[in-house]
Amino acid sequence: MELIQQLINGISLGSIYALIALGYTMVYGIVKLINFAHGDVFMVGSFVGFYSITVLDLSFIPALLISMTVCALFGVLIERIAYKPLRNATRIAALITAIGVSLLIEYGFIYLRGAQPEAYPNDVLPTEKFNIFGVSINSQSVLIFGVAVVLMIILQIIVHKSKIGKAMRAVSFDADAAKLMGINVDNTISATFAIGSALAGAAGVIFGIYYIKIEPLMGVLPGLKAFVAAVLGGIGIIPGAMVGGLLLGVIEALVSAAGYSLWRDAVAFVVLILILIFMPQGLFGKNKKEKV
Amino acid sequence: MKKKKLAGAFLSLTLAAGVLAGCSGSGSSEKSSGDGDTIKIGVNLELSGGVASYGQSIAEGLELATAEINKEGIDGKKIKLIKVDNKSEASEATSGAIKLTSQDQVAAIVGAATSTNSIAQVQIAQDNKVPVISPSGTSPEITFSKDKLNDYIFRTSFIDPFQGTVAANFATKEIKAKSAAIYIDSASDYSKGLAAAFKEQFEKNGGKIVAEEAYIAKDTDFRSTLTRLKSAKPDFIFLPGYYEEAGLIVKQARETGLDVPFMGGDGWDSPKLVEIAGAKALNNTFITNHYSSGDPDEKIQNFVSAFKAKYKDKSPDAFNALGYDTGYFLADAIKRAGSADSEKIKEALEKTADLELVTGTFTLDEKHNPIKSATILEFKEGKQVFNTKINP
């Protein structure tokens, strides 16, 4: 019974990782850039949700939508200002810029509002407790998991059924060829950043509701964990990010369950190292030769 | 431009004032601190800087106590406070102590609020043989470091491990807990110190520690560890940490179905705790603290009303109370010493016993730490309610 309980704990945590990992993976898939500022977009989303709920007095769904919209715009802005001018630069230059953008957002935000934490109101979503065979399931974890799954399904539909999804797949396959076929590469890349950032914003609001405490540096660790999740599933592969996120959440829960809670973060990164050594293409990746 | 001029004028005014104040200070210090009808007490506090709120609260409490003591005076003499702002920095605390001992020749020094700034004064006090009382420094090292007693240094607050001992006694006697779990912040000496003392005393009381878990500050997900704690079935969980994590842990514990009492130390004492955990989750949780303004004790209620009368209806916090007590702690020693001589005050301070003050009944132990009662507060619907007082 305890094991099932721990699996549920892990899946709730994993859904948040998965939502953030999707943004990483989409951006990497299309421009081959590890967007380290992604974790900070998640943080901004969390604060936008917080202010929508407390200042504008909105309920969960409108707050979620506002946060997703703001984050989408924010993501596009970051891409246009910081990454677009470097599109033909070396990959290491783009990577370092990403780290710079990340620090700029974090400390810029601290400059604007201070570093003190903020607490989400406790009554945004109902907190019913269900007891099923001795396993207590919180209604919030069910809702969080549900929202995460719904968003992922919508994403899957966008990527595989819509016109922009088709463009994204074409650009990720070969940007030059796509350009020759009349696809607006810049807009497609912006759209990718917008969708990925919107998902991070949603994850931010969910995180705030589930974990209550938010602060300007909250994006750092979940951002890195989501990166691990993306690599675990195979970076650039959307279903891989989902599975990687959930798997990482469950691994962390099990490590804590075994009594090694202080090792939890370390294990997540050991997973990253192991996967890079033994399966660099990730769980869902095809084995093709490419330098990463 | 105009602003600059104004700032310049202001600066020169303050400078002039400082020079004048310095003159008058050195003028009266021609006499030694024992002569005349005033007793000079140095105050070396964090009046500005990072932890200014602690220093200012202590100063408010101390000023109230001084005003009360001066109504009658001590053997006809009045206490005069000479304040130094250490700007919440250790180096400023040291130079403040030098100024107070050499230039102002004070009989004793009150301060500083934090452990670090108190330790910064130790050497000066020892060399000049001037007693220093730290109102709220809780590190054991202030009075006793490197296996040596700093014999001129005293404190008004209890030390960190003491809270753990009190919590263990509370768990055994009041909660009637047979088994307990400990959940610590492995990155904090404060948390580890409290936990070690709790464990020792709880086992001495015949209790059993069934689980020991740790987290790292800034963690947000504690559910897995809490699920593990739940299956260990403790009667009581000791959670010495700071309010950010403590709030999250209590909230997540209640969601996991872990409904046993939780207890923490003064690190929980912040309004943010209630915001994070939620009022309902905090029911059946307790903290040890220096004092409670809700304590029905007459001495405390007199203090609360006197404080409210002086400071515009502000309810006194723990630092106000500690500052107030430091004033009386020192006045009592001066009275018993029968003189304002630093050496005699030090000897009298060492012999303090059964002195009844707002934050408890003081008896000094051989390490210059007061053995005094701690107050247990209980959270009821998000409000801190006085529960009981525990003697060590």
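The values are calculated or read from the model by the stated rules, or taken from the named source; none is laboratory data. Quick caveat, the model's predicted, so the values are computed rather than measured. Neighbour counts are summed over all protein chains in view; Cβ atoms, including those assigned to glycine, are modelled from backbone coordinates with ideal geometry. All accessible areas refer to the heavy atoms of the entire protein, side chains included, with ligands and DNA or RNA removed. Shrake-Rupley method; radii C 1.70, N 1.55, O 1.52, S 1.80 Å.
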Task: Selection from the range A:157-177 of residues that are without any contact (Cβ under 8 Å) to a residue 40 or more places away in the chain and of a type outside the set (A, V, I, L, M, F, W, C) - done: A:H160, A:K161, A:S162, A:K163, A:G165, A:K166, A:R169, A:D174, A:D176
Task: Selection status of A:P222, open to solvent by 10 Å² or more (accessible area, probe 1.4 Å) and within 14 Å of chain B (Cβ to nearest Cβ) - done: yes
Open item on the list: Residue under question is A:F109, and the condition is that it be open to solvent by less than 20 Å² (accessible area, probe 1.4 Å), out of contact with any helix residue (DSSP H, G or I) (no Cβ under 6 Å at 6 or more places or on another chain), farther than 26 Å from A:D186 by Cβ and in a helix (DSSP H, G or I); does it hold?
Closed with: no
Task: Subset of the range B:222-245 [crowded, with 22+ Cβ neighbours inside 10 Å, more than 10 Å from every other protein chain (Cβ to nearest Cβ) and of a type in the set (F, W, Y)] - done: B:F236, B:F238
TODO: Hey, can you tell me all the residues within the range B:321-362 that are open to solvent by less than 10 Å² (accessible area, probe 1.4 Å) and touching a Phe, Trp or Tyr at 6+ places or on another chain (Cβ under 6 Å)?
DONE: B:A321, B:L349, B:T352, B:V358, B:T359
TODO: Go through the range B:246-291 and give me each residue that's over 23 Å from A:P126 (Cα atoms), in contact (Cβ under 8 Å) with a residue 60 or more places away in the chain and within 11 Å of another protein chain (Cβ to nearest Cβ).
DONE: none
- [ ] Please indicate, with yes or no, whether at least one residue in the range A:74-94 is among the hydroxyl-bearing types (S, T, Y), farther than 25 Å from A:V171 by Cα and open to solvent by less than 30 Å² (accessible area, probe 1.4 Å).
- [x] no
- [ ] Among the candidates A:V271, A:V228, A:V243, single out the residue that is out of contact with any His (no Cβ under 7 Å at 6 or more places or on another chain), open to solvent by less than 40 Å² (accessible area, probe 1.4 Å), assigned to a helix (DSSP H, G or I) and under 14 Å from A:G10 (Cβ atoms).
- [x] A:V271
Open item on the list: For the range A:119-146, give me the residue count where each residue is at the interface with chain B (Cβ under 9 Å from one of its Cβ atoms) and farther than 17 Å from A:A203 by Cβ.
Closed with: 9
TODO: Within the range A:149-161, identify whether any single residue is more than 14 Å from chain B (Cβ to nearest Cβ), in contact with a Ser or Thr (Cβ under 7 Å, 6 or more places away or on another chain), under 30 Å from B:L226 (Cβ atoms) and assigned to a helix (DSSP H, G or I), and answer yes or no.
DONE: no
Task: Inter-residue pairs, beta-carbon under 6 Å, first of a type in the set (F, W, Y) and in the range A:33-49, second open to solvent by less than 10 Å² (accessible area, probe 1.4 Å), 6+ apart - done: A:F36/A:A98; A:F42/A:I20; A:F42/A:A200; A:F42/A:A203; A:F42/A:G204; A:F42/A:G219
Open item on the list: Please go through the range B:46-72 and give me each residue that is free of Cβ contacts under 8 Å to residues at least 12 places away in the same chain and either under 16 Å from B:I133 (Cβ atoms) or not polar (S, T, N, Q) (or both), ordered by number.
Closed with: B:K71, B:E72
Task: Pick from the range A:241-274, criterion closer than 29 Å to B:S186 by Cα, away from chain B (no Cβ under 14 Å) and among the β-branched types (V, I, T), ranking: nearest to the chain's Cα centre (by Cα) - done: A:V271
- [ ] Return yes or no: is B:A211 within 13 Å of chain A (Cβ to nearest Cβ) and surrounded by fewer than 19 Cβ atoms within 10 Å (Cβ to Cβ)?
- [x] no
TODO: Residues being touching a helix residue (DSSP H, G or I) at 6+ places or on another chain (Cβ under 7 Å) and in a strand (DSSP E or B): count how many of those fall in the range B:366-392.
DONE: 4
- [ ] Please note which helices (runs of 4 or more DSSP H) are completely contained in the range B:298-355 and include at least 3 residues that are among the acidic types (D, E).
- [x] B:342-350
Open item on the list: Please go through (1) part of a helix (DSSP H, G or I); (2) β-branched (V, I, T); (3) closer than 15 Å to B:F158 by Cα for B:T363 and return the number of the only condition it doesn't satisfy.
Closed with: (1)
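Considering A:I66, A:I8, which residue is open to solvent by 30 Å² or more (accessible area, probe 1.4 Å) and away from chain B (no Cβ under 14 Å)?
That would be A:I66, the only listed residue that is open to solvent by 30 Å² or more (accessible area, probe 1.4 Å) and away from chain B (no Cβ under 14 Å).
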Open item on the list: Take the conditions surrounded by fewer than 24 Cβ atoms within 10 Å (Cβ to Cβ), aromatic (F, W, Y) and within 14 Å of chain B (Cβ to nearest Cβ) and apply them to A:F50. Does it pass?
Closed with: yes
TODO: Please work out which one of (1) closer than 18 Å to A:G10 by Cβ; (2) within 12 Å of another protein chain (Cβ to nearest Cβ); (3) not in a helix (DSSP H, G or I); (4) not hydroxyl-bearing (S, T, Y) is the condition A:L217 fails and give its number.
DONE: (1)
